[in-house]
Amino acid sequence: MLQALREKAQGWIAWVIVILIALTFILFWGSGSFLSPDTQSSGSTVATVNGQKIMLQELESRYETLSQQNQSVSKLDSSLIKKQLLDSLIEEKLLIQTSAKLGFRVNPTRIEQIIYESPLFQQDGQFSAEVYRRVLYGMNLNDKAFRSLLTEQLLQQQLFSSLAYTSFVVEPEIDSFVKFYTQKRSFKYTIVHRKDFIDTVSVSDDDIKKYYDENTAQFYTPEKIAVEFVRLNADELKAKFHADDNQLRAYHKENSALFNEPERRLPAHIMIQIPRNAEADLEAKAKEKVQDIQAKLKAGESFDSLASQYSDDTQTKQQGGKLEWIVKGEIGLPELEQAIFTLKKGEVSQAIRTDYGIHIVKLLDVEAEKIHAFETVKDKVLAAMRERWAEDEIVNLADQLANISYDHPDSLLPIADKLGLTIKHTELFDRALGPADQDLNAKAFIEAAFSDYVKNDGNNSDLIKLDDKSYVVLRISESVPAAPKDFASVKDDIKAMLIYEKSNAKTMAQAESLLEAIRSGEHSELLAKQQWTEKSAIGREDTNVDRFLLTSVFDLPRSTDNKAVAELSQLENSDYAVVWLTEILDGTQSDLAVDIPGVQEHLVRQMGELEFKLFGKELNHSAKIKNNYS
């Protein structure tokens, strides 16, 4: 079980880093210096959580990041999205506060290990300071901010582990799950094809013209514009950076943790599973079992064989209880970690009590901290310094770019002359699709281009953060207004749409007639004329049955009054299936493709996640929260 915990923690941490980069865990550090004046307001507090403030800047940054990663967000109600993001921020603050109160901690060495071993920060299989800086720069985070943020996420993970991974399930719950998961169903179905009704509907020219006249707004060519722009790019600045040997050595000394590897230890354990709240007789039996194992160890029996024979950790017992290499602060179990980092190589611990049970630990091996001399990582140091310099330099140049554009709002030439930038041009594009150049196809770029200030007033745009490494200023070079499409160009499209709507309505009506005949018990000639396909003992994951059809089958309830159970299912091709359930076969343990311990672990994990969610709701209920956002 400890191995499972470690693997879950490692996997969770990997996803934390991915999410940090990709979506919502970028906090207020992520907005740089280019927030709007309203966002920058120092007194703008959107919520307080037990006295801890959440600033509008932090909320706006999350929304900005979410919008950049998912363009469809801009089409949704921004106030609703921000309320959901604020709820998430409040929950995180509560979890971090609770973790601190319970004494959880994150060893800085653990942070080093995560950073050093993450594939996201590696080049050719090795940690790269340059890649690390580049990724953090892409997140608008510096090293200190990223470490702080990662520490908060690890604290939450430790809290989650202490609650979620101590759950348990009883035999009846396992039986119920097996019956449900391995259940099979027999059914028959018939398809009502839309194509059979296409020739039965007619659409006149008057129908088409009437639809066109009543829905003219649907048939416009959108407004299009072309822009000219100047762009700053961080990657292009790196070639201008130079550092002497003394500067490189100083940077290496100040940031040695980025280039070194922390001490690692390889433990094995024997675990007797027993929850802390177990009944006294069960606790006594567990302790007796541990004492028996300790006696056998003292008598000379091997740790490996005893782990294979007695350990309840199914994932490690066949390997003699062997875990994986760990560093301090990694496993979230202070009692166990203390033993692992106190033992000498080859030593065996006394009995250790955790939320999982009672452990006996043996230290198999130790790898000392690896200190990399400056000469061996000199190139990496230079790359890291270059990355950081480019970070700072682009901020300075972006400020200049914004100021020059403000002073000369009617032209890009002064910007190009003073900063040595090239004026570039786009082709015509509309608001929905954006520029053909995907590097420019960002929400901020499109909104600026179509703003009244730029499009109608003829001004340069404000400074735009195009992506995580570049900034632009643009202005309109050409504009083509929206115009209605002529009737002849859309006539065939309208006709096809109207035929589809009418034939679909007839298809659905026919299917509903069949469904009503089944439910009423009137097995009329209507049902007899249909061609029915029968399926026997089909599982819920069968890949040979249409997925829409299969979902409908397993959504159907059991019959409670001996009446037929049936439903309609519209398929991907717009046909309708009439599904008639004929038998439900509950599963048994013999139907499982995995063993019962695997099922038990799955259910324990689900139960633990549910308990953690309920714990979060209880924290929210008992906390002093003031939400000022509306």
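Taking amide H as placed 1.01 Å from N in the peptide plane, Thr582 has its amide H under 5 Å from the amide H of Ser186, Phe187, Lys188, each at least 5 places away in sequence or on another chain. Length gained on full extension, Glu534 to Asp207, computed as 0.36 nm times the residue gap minus the Cα-Cα distance: 113.5 nm.
Fewest to most neighbouring Cβ within 10 Å: what's the order for Arg276, Arg185, Arg249?
Working: Arg276 11, Arg185 20, Arg249 15.
Neighbour counts put them in this order, fewest first: Arg276, Arg249, Arg185.
Which of His252, His408, His359, His242 comes first, and how do the rest follow, when ranked by fewest Cβ neighbours within 10 Å? Please report the intermediate quantities before stating the final value.
On the way: His252 23, His408 15, His359 27, His242 10.
So the residues, fewest neighbours to most, are His242, His408, His252, His359.
Taking all C-alpha pairs of segment 514-562, those more than 12 Å from each other amount to 73 percent. In summary, the aspartates and glutamates within cross-link reach of Lys455, defined as a Cα separation below 18 angstrom excluding same-chain residues under 8 places away, comprise Glu223, Glu228, Asp410, Glu427, Asp430, Glu447, Glu478. As a length-normalised measure over Cα pairs under 8 Å and 6 or more apart, the relative contact order of the chain settles at 25 percent. A crude spin-label estimate for the pair Ala483 and Lys289, with each label 7 Å from Cα along the Cβ direction, gives 8.2 nm.
Calculated on the Cα set of segment 264-367, radius of gyration then Dmax: 13.0, 41 Å. Applying 1/(1 + (r/R0)^6) with r as the Cβ-Cβ distance of Arg276 and Ala226 and R0 = 60 angstrom yields a FRET efficiency of 0.30.
Compactness of the chain, taken as the C-alpha radius of gyration over 2.2 N^0.38 Å, stands at 1.27. Working from the Cα coordinates of segment 355-491, the gyration tensor eigenvalues give, after taking √(5λ), semi-axes of 49, 27, 13 Å in decreasing order.
Using a Förster radius of 22 Å, what is the FRET efficiency between Asn627 and Asp77 based on their Cβ-Cβ separation? Nearest 0.05, please.
Details: r = 18 Å, r/R0 = 0.80.
The computed FRET efficiency comes out at 0.80.
Note that segment 237-254 has calculated 3J(HN,Hα) couplings of 7, 4, 4, 7, 8, 9, 9, 8, 4, 5, 5, 5, 5, 5, 5, 4, 5, 6 Hz, one per residue in order, obtained from phi through the Karplus relation 6.51 cos²θ - 1.76 cosθ + 1.60 (θ = phi - 60°); glycine and proline are x.
For Cα pairs less than 8 Å apart in space and 6+ apart in sequence, what is the mean separation divided by the residue count of segment 264-367, i.e. the relative contact order in percent?
That works out to 44 percent.
Listed values for segment 561-571 are Karplus-derived 3J(HN,Hα) couplings in whole Hz (6.51 cos²θ - 1.76 cosθ + 1.60, θ = phi - 60°), namely 9, 6, 8, 5, 10, 8, 7, 9, 9, 7, 8, and x replaces Gly and Pro. For an R0 of 60 angstrom, estimate the FRET efficiency from the Cβ-Cβ distance between Thr45 and Ser186 and round to the nearest 0.05. Computed FRET efficiency for Thr45 and Ser186 comes out at 0.50.
Straightening the chain between Leu102 and Val395 buys 101.4 nm, computed as 0.36 nm per residue apart minus the Cα-Cα spacing. Each residue of segment 280-289 was assigned a 3J(HN,Hα) from its phi angle through the Karplus expression (A = 6.51, B = -1.76, C = 1.60, θ = phi - 60°), giving 4, 5, 5, 4, 5, 5, 5, 5, 5, 5 Hz with x at Gly and Pro. Given +1 at the Cβ of Lys and Arg, -1 at the Cβ of Asp and Glu and no other charges, the dipole of the chain around its Cα centre is 1460 debye to the nearest 20.
With the simple model of a label 7 Å out from the Cα in the direction of the Cβ, Ser148 to Arg249 spans 3.3 nm.
Can you tell me how much longer the chain between Glu347 and Gln309 gets when fully stretched, taken as 0.36 nm per residue apart minus their C-alpha distance, in nm with one decimal?
Numbers: separation 38, 0.36 × 38 = 13.68 nm, distance 2.01 nm.
Gain in length upon complete extension: 11.7 nm.
Coordinate-derived values only; no laboratory data. Predicted model only: the values in this text are computed from it and were never measured. In this analysis, Cβ positions are derived from the backbone assuming ideal geometry, glycine residues included, and neighbour counts consider all displayed protein chains.
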